[in-house]
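Read the structure below first, then the notes.
Taken together, the values in this text are just the output of simple stated rules run on the coordinates, not laboratory data. Just so you know, these numbers come straight off a predicted model, no measurement behind them. Backbone-built Cβ (ideal geometry, glycine too); neighbour counts: all protein chains shown.
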Amino acid sequence: MLSGSLDTCRGDEIRWITSMKKIKIATIRGIGVYLHWTFVLLVVGIFGFYLYQGNDLAAALVGVGLILAVFGCVVLHELGHALTAARYEVPTRDITIYPIGGIARLERIPEEPMKEFWIAVAGPLVNLAIAAMLAGMLLFTDGALSPMEILQPDGGNFVATLMWLNVVLFTFNLLPAFPMDGGRILRALLATRLDYARASQVAANIGQGMAILLGIAGFFILNPFLIFIAIFVYFGARQESQQALMRSVTRGVPVRQVMLTRFVTLKSTDTLNEAVEELLAGSDQDFPIVDNGTVVGVLTRKQLMKALAEQGRDTPVMEVVETECFVVDDTTMLEEVFSHMSQYQCSTVPVVRGGHIVGLLTLENVGELLMISSALKKAGRPGEVKSVLATHGSTPAR
């Protein structure tokens, strides 16, 4: 599957996702390929399961080898997305392999529906090509299985099993439900006739309906794996719908219309104790560090708690602040800034005008914007979102 980046998750989701441990295994065409640490647990678990079932060491190693081969095919699947996206000048941040599959994080989803279509369909086509190649090996290699034997996916042949698993990957990913590629293919086709947000909502509704049917089927046949897939598909569809709504709301909106204009700043000479007092006195959680009107860093609540546990309360805040986060001009478009917030793992971004701080943009800000948009949409007044933002943007910063 591919992801149009994780930019439109809520703040807590982004912090959780970006904090997960990943192991870099390769760089292909400038794209980092990572294994999530839980994949290692999967390999160890498969190896132990084979031994527990009474198989010898050789059989256990073959089982692990099959898992590694399958996930090699998953990497190729994700590269299919990434390299097709590159043809449309859409960069890929990275590829991460999880026990349940892979994700290619694109910088953005193309505006043109058919570009999204070809990017989405490229991954499953890679699996189809691999399956066809393996089938050819079985048919035309000396001593290969006969065509009738190839139709038996449980025949015990390594190559045949890998071929069938690629057929399964091809078929599963074409299911018309997010977050599978089929959901994006469906959305792209719908977007040729509907606006993007509406096409995403229709595709998400279809995906959630399919998830409910899968869940019911899994319940009646007592298949926990099918129930797990149903839950995965249901929430994937809901998140994709939220992403589409956020994309439609943030397009063309400058940061000044969303930023916080009431906030507390600290000086570089202030101590952790003074930061704690400000944290307890108000609702601010992250504090920009400002000297002579210039932002020199951002002290997050997480950094503050860590510093309190490791250092004295008289420690100057500049010794523990986040200095790698960036600042943005208040005329910068929200969609662009939010993308960079995810890329640099910043939960709070100072907003400046003429070099001086005039506001803060936080992940909570953007989440609140989504909630306001959803509420107005339910009330049948989606057009009022821009009006609310325009009014906020005209309010002088304090």
Q | Computed label-point distance, nm, for sites R238 and D56 using a 7 Å Cα→Cβ extension | A | 5.1 nm
Q) Label points 7 Å out from Cα along the Cβ direction at R301 and I46: separation in nm? A) 4.1 nm
Q) Amide H to amide H under 5 Å from D291: which residues, 5+ apart in sequence or cross-chain, H placed 1.01 Å off N in plane? A) V296
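Please report the relative contact order for region 255-366, taking Cα pairs under 8 Å with a sequence separation of at least 6, and give it as a percent rounded to a whole number.
Numbers: 186 pairs, mean separation 37.0, N = 112.
Here the relative contact order equals 33 percent.
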Q) If you take the beta carbon distance between R87 and T315 as r and set R0 to 56 Å, what does 1/(1 + (r/R0)^6) give as a FRET efficiency, to the nearest 0.05? A) 0.65
Q. Can you list residues whose amide H is under 5 Å from T300's amide H, if they're 5+ apart or on another chain and H is modeled 1.01 Å from N?
A. F287, E322
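What does the charge dipole of region 255-366 about its Cα centre add up to, to the nearest 20 debye, if the Cβ of each Lys and Arg holds +1 and the Cβ of each Asp and Glu holds -1? Walk me through the numbers before you get to the answer.
On the way: 8 positive and 17 negative charges, 30 e Å.
It comes to approximately 140 debye.
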Q. So between T294 and S268, what do we pick up on full extension, going 0.36 nm a residue minus the alpha carbon distance?
A. 8.3 nm
Q. Any idea how far apart T192 and I221 come out in nm if each label point goes 7 Å out from Cα toward Cβ?
A. 3.3 nm
